[in-house]
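Notes follow the structure.
The values are calculated or read from the model by the stated rules, or taken from the named source; none is laboratory data. All values derive from a computational prediction rather than experimental measurement. Don't worry about glycine lacking a Cβ; one is built from the backbone with ideal geometry, like all the others, and counts go over all protein chains shown.
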Amino acid sequence: MSRNLDNLVIQTRRDILRMVHAVNSGHPGGSLGCVEFFVTLYNKIMKHDHDNFSNDIFILSNGHISPVYYSTLARAGYFDIKELSTFRKINSRLQGHPTNHDNLPGVNISSGSLGQGLSVGIGVALSKKLNNDNSLVYVLTGDGELQEGQNWEAFMYASANNVDNIIVTVDFNGQQIDGSTEDVLDIGNLKLKLESFNWKVLEIENGNSLEDVYKTLNEAKDNSMKGKPVVILMKTIMGNGVDFMMHSHKWHGVAPNDEQLKEALNQNPETLGDY
Amino acid sequence: MKKFINQGNKDTRSGFGEGLTELGRNNSDVVALCADLTGSLKMNTFADENPERFFQVGIAEANMMGLAAGLATGGKIPFTGTFANFSTGRVYDQIRQSIAYSNKNVKICASHAGVTLGEDGATHQILEDIGLMKMLPGMTVINTCDFNQTKSATIEICNFEGPVYLRFGRPKVANFTNPLDKFQIGKGILLNEGNDVTIVATGHLVWEAIQAAEKLYENGINPEIINIHTIKPLDEKIILKSVKKTGCIVSAEEHNIFGGLGESVARLLTSKAPYPQEFVGTNDTFGESGTPTELMNKYGLNMDSIYDAVMNVMKRKAK
């Protein structure tokens with residue numbers, strides 16, 4: 001992978017950390033875990049343009065990881081990176097959880113209340129089929145989020161109706177607010193479950209490796225339009241890139257204090273310029 | 001008193017079915033989704049004529065609302081169809097986040113509203129849906145009164161950009177409005193001019209209001225009757241103009257008095273023109289099994305209740 005993308009990964013981490021620190025709220029853990037995915041998706045995989053729905057579309061279901069989403073969109077040119085400083089503040093388009101309500105470029109749907117994005121993504125995929133448009137829909141969901149029943153209605157629907165122009169990625173970090181998914185409500189063998197729902201299941205062992213994410217997303221593209229919906233189980237490390245945040249659910253929804261921020265930023269020196 | 005002629009009893013849901021069929025023939029962006037109640041919602045013709053634009057989602061209403069939001073994101077005009085109960089309470093958060101807050105152009109079409117679905121009982125009836133839906137910012141709420149009006153409303157909401165809740169019913173009821181009338185969202189219809197009392201009614205209660213008015217007229221009372229098919233946005237102008245003339249008002253609906261049309265009217269009156277009001281509706285109760293007529297009678301949703309409410313409110317009028 002190019003050095004540029006490595007730099008973008010580090011800069012995105014800095015954006016996330018600074019955004020949540022500035023308002024002492026937000027969700028750094030899951031955001032940091034998905035940086036490599038977002039950077040790859042928006043810079044190497046999707047053909048995207050907010051104003052053109054015949055291009056690829058991304059739907060974020062686990063809306064609480066909005067910091068990584070906003071940073072990625074801003075650094076892809078959807079809006080000025082300066083606007084990242086308004087995150088979670090009054091009168092901002094960058095709400096705590098993402099919404100299209102205030103016409104933020106790049107965001108097509110509101111999410112935050114969990115378990116709804118998969119259905120929405122399938123709906124977009126159906127509209128693309130009606131338009132004979134060959135572009136793809138990408139959806140990201142959390143793993144804990146799959147405890148919501150609506151997902152299973154949606155999984156069932158997509159395979160039963162051969163919705164094969166959708167690539168769903170599950171951020172498989174094994175953590176949720178109250179602890180590990182295994183302890184809170186074990187989602188069991190997700191691969192077998194989804195295979196039995198007749199989805200094509202791919203796996204990424206290291207979802208924090210740009211190479212692995214790129215390789216598997218490409219494999220997913222190759223498997224699309226073949227009669228089956230595609231899902232990727234992407235193992236990530238919550239809090240990745242900041243040593244004291246890694247491997248724990250404790251940073252799910254907690255912002256670093258001044259000292260912790262300094263330490264975290266030291267581990268991720270400025271590359272492309274802070275907002 | 002103006003005469004209203006029943007052109008023959010018909011169900012409002014069939015008006016929806018015919019409207020949807022017409023839309024299917026004239027607008028290729030219209031898509032329809034149904035959660036295993038295609039026959040009950042009278043969506044069969046649309047489904048037969050447009051199989052690629054009809055989505056049978058199974059018994060999975062939450063997913064249906066999400067699919068509709070996604071289809072709207074892709075530029076389609078989705079019409080969802082299921083019972084009113086399963087169109088609102090069951091999927092409130094999906095509608096709230098993925099449709100209302102997201103400004104999606106989805107038409108939520110809900111049959112079997114109120115108690116008049118009859119024998120299935122309270123699990124399938126709903127008397128709270130107008131309240132649920134009118135509280136959502138940006139949601140338009142419509143409750144049509146007969147077959148003709150439901151058909152024209154179905155066609156008209158397609159031309160309107162934004163989320164709409166369209167509520168109609170199961171039983172065959174009087175069909176008395178002019179089939180050529182164009183439906184105007186947010187514009188109440190003055191059915192009869194009068195001076196003594198204003199009756200604002202919605203849905204199945206509009207015909208009951210007309211029946212009550214005929215009896216009132218025979219007893220020397222001249223009521224003004226307004227068909228409020230759009231509960232949100234409410235046609236405040238027509239109500240205020242009327243009540244300033246008559247000095248009192250009765251609201252009538254097949255819905256809980258908590259959260260329905262009557263409450264919207266009361267809010268309007270208390271802030272702009274505090275005249276006495278009586279409410280015809282259900283009083284904080286669930287329904288039960290029975291025939292539609294038995295239920296309407298038991299829960300006070302008929303011409304007699306409207307008649308009595310008029311008598312009561314007129315006593316409270318300023319002398």
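In the set A:G207, A:G241, A:G188, A:G227, which member is of a type in the set (G, A, S), within 15 Å of the chain's Cα centre (by Cα) and at pLDDT 95 or above?
A:G207
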#### Entry: Qualifying residue in segment A:205-220 (condition: charged (D, E, K, R) and more than 19 Å from A:I45 (Cβ to Cβ))
no
### Task
Provide a single number: the residues in segment A:218-259 that are over 13 Å from A:V168 (Cα atoms) and among the hydrophobic types (A, V, I, L, M, F, W, C).
10
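Does B:S111 satisfy the criteria of being touching a residue at least 24 places away in the same chain (Cβ under 8 Å) and more than 8 Å from every other protein chain (Cβ to nearest Cβ)? Step through it out loud before you land on a result.
On the way: touching a residue at least 24 places away in the same chain (Cβ under 8 Å): yes; more than 8 Å from every other protein chain (Cβ to nearest Cβ): yes.
Here the answer is yes, as B:S111 does meet what is asked.
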### Query
In this structure, is A:I122 away from chain B (no Cβ under 14 Å) and either crowded, with 24+ Cβ neighbours inside 10 Å or modelled with pLDDT under 95 (or both)?
no
### Task
From the list A:G117, A:G112, A:G149, pick out the single residue that is at the interface with chain B (Cβ under 9 Å from one of its Cβ atoms) and over 15 Å from the mean Cα position of the chain (by Cα).
A:G149
### Message
Pairs please, first residue from segment B:79-103 and more than 14 Å from chain A (Cβ to nearest Cβ), second anywhere and crowded, with 24+ Cβ neighbours inside 10 Å and of a type in the set (F, W, Y), Cβ atoms under 8 Å, 6+ apart in sequence or on different chains.
### Response
B:G81/B:F16; B:S87/B:Y165; B:T88/B:Y165
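Residue-wise test of (1) buried (at least 24 other Cβ atoms within 10 Å of the Cβ); (2) within 30 Å of B:D181 (Cα to Cα); (3) away from chain A (no Cβ under 14 Å); (4) touching a Gly at 6+ places or on another chain (Cβ under 9 Å).
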{"residue": "B:R53", "(1), (2), (3), (4)": "no, yes, no, yes"}
{"residue": "B:A62", "(1), (2), (3), (4)": "yes, no, no, yes"}
{"residue": "B:A68", "(1), (2), (3), (4)": "yes, yes, no, yes"}
{"residue": "B:P137", "(1), (2), (3), (4)": "no, yes, no, no"}
{"residue": "B:T150", "(1), (2), (3), (4)": "yes, yes, yes, yes"}
#### Entry: Answer from A:K129, A:K82 - the residue that is within 14 Å of chain B (Cβ to nearest Cβ), among the charged types (D, E, K, R) and surrounded by fewer than 24 Cβ atoms within 10 Å (Cβ to Cβ)
A:K129
### Checklist (1) within 14 Å of another protein chain (Cβ to nearest Cβ); (2) touching a residue at least 24 places away in the same chain (Cβ under 8 Å); (3) among the aromatic types (F, W, Y) applied to B:F16, failing item
(1)
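Looking at segment A:54-66, can you tell me whether even one residue there is polar (S, T, N, Q), within 30 Å of A:G149 (Cβ to Cβ) and more than 18 Å from the chain's Cα centre (by Cα)?
no
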### Task
Of the numbered conditions (1) free of Cβ contacts under 8 Å to residues at least 40 places away in the same chain; (2) within 28 Å of B:A209 (Cβ to Cβ); (3) not aromatic (F, W, Y), B:G70 fails exactly one; give the number of that condition.
(2)
### Task
Determine whether A:T72 is more than 9 Å from every other protein chain (Cβ to nearest Cβ) and in contact (Cβ under 8 Å) with a residue 24 or more places away in the chain.
yes
### Task
Scan segment B:152-185 residue by residue and report those that are of a type outside the set (A, V, I, L, M, F, W, C), buried (at least 22 other Cβ atoms within 10 Å of the Cβ) and either under 18 Å from B:A68 (Cα atoms) or without any contact (Cβ under 8 Å) to a residue 60 or more places away in the chain (or both).
B:T154, B:P163, B:Y165, B:R167, B:T177
### Message
Go through (1) in contact with a helix residue (DSSP H, G or I) (Cβ under 9 Å, 6 or more places away or on another chain); (2) surrounded by fewer than 24 Cβ atoms within 10 Å (Cβ to Cβ); (3) not charged (D, E, K, R) for B:P233 and report which single condition fails.
### Response
(1)
### Residues being of a type in the set (S, T, N, Q), under 20 Å from A:K235 (Cβ atoms) and away from chain B (no Cβ under 14 Å) - total across segment A:34-69
1
#### Entry: Scan of segment B:124-172 for residues that are touching a helix residue (DSSP H, G or I) at 6+ places or on another chain (Cβ under 6 Å), in a loop (DSSP other than H, G, I, E, B) and among the hydrophobic types (A, V, I, L, M, F, W, C), ordered by number
B:L136, B:M139, B:C145, B:F168
### Message
Checking the condition touching a residue at least 40 places away in the same chain (Cβ under 8 Å) and surrounded by fewer than 18 Cβ atoms within 10 Å (Cβ to Cβ), which residue from A:Q116, A:Q175, A:Q147 passes?
### Response
A:Q147
### Candidate set from segment B:1-33 (those that are closer than 19 Å to B:N50 by Cβ and among the polar types (S, T, N, Q)); member that is surrounded by the fewest Cβ atoms within 10 Å (Cβ to Cβ)
B:N26
### Message
It is to be established whether one or more residues within segment B:19-31 are within 14 Å of chain A (Cβ to nearest Cβ) and small (G, A, S).
### Response
yes
### Query
Out of the residues in segment B:75-117 that are over 19 Å from the mean Cα position of the chain (by Cα) and among the hydroxyl-bearing types (S, T, Y), which is surrounded by the fewest Cβ atoms within 10 Å (Cβ to Cβ)?
B:Y101
### Task
Filter segment A:191-240 down to residues that are within 23 Å of A:R14 (Cβ to Cβ) and hydroxyl-bearing (S, T, Y), then give me how many there are.
3
### Residues of segment B:187-220 classified as surrounded by fewer than 18 Cβ atoms within 10 Å (Cβ to Cβ) and not in a helix (DSSP H, G or I), total
6
### Message
Scan segment A:93-106 and tell me whether some residue there is touching a strand residue (DSSP E or B) at 6+ places or on another chain (Cβ under 9 Å), on the phi > 0 side of the Ramachandran plot, within 14 Å of another protein chain (Cβ to nearest Cβ) and of a type in the set (G, A, S).
### Response
yes
### Query
Do we have B:T45 as more than 8 Å from chain A (Cβ to nearest Cβ), under 19 Å from the mean Cα position of the chain (by Cα) and at pLDDT 95 or above here?
no
### Message
Going by what's in this entry, would B:F86 be described as among the hydrophobic types (A, V, I, L, M, F, W, C) and in contact with a Lys or Arg (Cβ under 9 Å, 6 or more places away or on another chain)?
### Response
no
### Query
Pairs under 8 Å by beta carbon, first residue of a type in the set (G, A, S) and at pLDDT 95 or above in segment A:83-101, partner assigned to a loop (DSSP other than H, G, I, E, B) and surrounded by fewer than 17 Cβ atoms within 10 Å (Cβ to Cβ), six or more apart or different chains?
A:G96/A:S25
